[in-house]
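The structure under discussion appears below in the form of structure tokens.
The values are calculated or read from the model by the stated rules, or taken from the named source; none is laboratory data. A quick note: this is a predicted structure, and the numbers were derived from the prediction, not measured. Every residue, glycine among them, receives a Cβ derived from its backbone with ideal geometry; neighbour counts consider all protein chains shown. The area values use the complete protein model at the heavy-atom level, side chains included, leaving out ligands, DNA and RNA. Shrake-Rupley method; radii C 1.70, N 1.55, O 1.52, S 1.80 Å.
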Amino acid sequence: MNLLRGLPGHPFHPPLTGATIGAYTFATAMAVLSKVGVSEHNTATAWWLALVTGLVFTIPTAITGFADWLYIEGGTPLWRTATIHLSAMLTATVVFAITAGAGHADYTDGSVGGGSLVLTLVGYVVLAAGGWLGGAVVFTHGMRVVKLVDEPASERKEAGA
Ligand code: HEM
């Protein structure tokens with residue numbers, strides 16, 4: 001299972017999330033630029049290719065996250081946050097997959113339609129919310145952190161989630 005989870009202090013999931021979120025962020029920026037007419041054809045091409053890139057990165061990202069999730073004790077506050085994170089990320093993935101499928105015609109036409117833009121933005125908002133919760137799994141609950149720095153307890157309590 002360590003092949004999927006990484007080493008102590010070097011979990012595989014966090015760096016993969018950077019690649020995945022980066023691809024979707026670029027796709028979202030390209031969709032907006034295309035819609036406002038900045039190099040419309042080129043940015044529409046970049047939008048769709050970045051969406052597909054994000055979907056490909058999502059596969060190892062979700063597998064490594066799932067491998068870590070299996071180690072969490074069910075019913076705990078950490079488990080609840082991680083499970084909502086999981087659900088948000090799966091929802092964002094489905095929205096992006098639908099966007100890429102339905103938006104293929106926009107890609108070939110070289111123009112991002114209104115529906116594709118809305119779907120991309122919806123996927124991105126869900127992704128950002130899920131990323132926030134992923135951060136809480138690590139930075140609030142301390143999952144996969146080998147050595148916690150000594151911080152005033154109140155700060156950690158205020159962080160919530
Ligand atoms: C598109 C897919 C996903 C993205 C972009 C993503 C993103 C993130 C982010 C940003 C963090 C915080 C890490 C950090 O800031 O260093 C995180 C942590 C975490 N995520 Fe995900 N996540 C995804 C899918 C999943 C899935 C499907 C699961 C569970 C089935 C999952 C479980 C976890 C767990 C357990 C953590 C705690 C730290 C760790 O395991 O390394 N994630 N995720």
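Residue-level analysis places residue 112 outside the set of residues that are open to solvent by 40 Å² or more (accessible area, probe 1.4 Å), more than 12 Å from the ligand (Cβ to nearest atom) and closer than 20 Å to residue 22 by Cα.
Kindly indicate whether any position in region 43-64 is at pLDDT 95 or above, touching a strand residue (DSSP E or B) at 6+ places or on another chain (Cβ under 9 Å) and surrounded by 18 or more Cβ atoms within 10 Å (Cβ to Cβ). Even if it seems obvious, please write down each step before you answer.
Of the residues in region 43-64, the ones at pLDDT 95 or above are 43-64.
Filter once more, keeping what is touching a strand residue (DSSP E or B) at 6+ places or on another chain (Cβ under 9 Å): 64.
From what's left, surrounded by 18 or more Cβ atoms within 10 Å (Cβ to Cβ): 64.
The answer is yes; a qualifying residue exists.
Scanning region 66-86 for residues that are surrounded by 13 or more Cβ atoms within 10 Å (Cβ to Cβ) and free of Cβ contacts under 8 Å to residues at least 12 places away in the same chain, we see that the one that is nearest to the ligand (Cβ to nearest atom) is 79.
With the requirement that a residue be of a type in the set (Val, Ile, Thr) and in contact (Cβ under 8 Å) with a residue 40 or more places away in the chain, what does region 4-49 give you?
Pass one, region 4-49, residues of a type in the set (Val, Ile, Thr): 17, 20-21, 25, 28, 32, 36, 38, 43, 45.
The answer is 17, 20, 21, 25, 28, 32, 43, 45.
Just to be sure, is residue 130 under 26 Å from residue 12 (Cα atoms), open to solvent by less than 50 Å² (accessible area, probe 1.4 Å) and more than 12 Å from the ligand (Cβ to nearest atom)? Taking the combined requirement at face value, the residue does not satisfy it.
Kindly evaluate residue 99 against the criterion of being more than 9 Å from the ligand (Cβ to nearest atom) and either in contact (Cβ under 8 Å) with a residue 60 or more places away in the chain or part of a loop (DSSP other than H, G, I, E, B) (or both).
Considered against the rule, which asks whether it is more than 9 Å from the ligand (Cβ to nearest atom) and either in contact (Cβ under 8 Å) with a residue 60 or more places away in the chain or part of a loop (DSSP other than H, G, I, E, B) (or both), residue 99 comes out as no.
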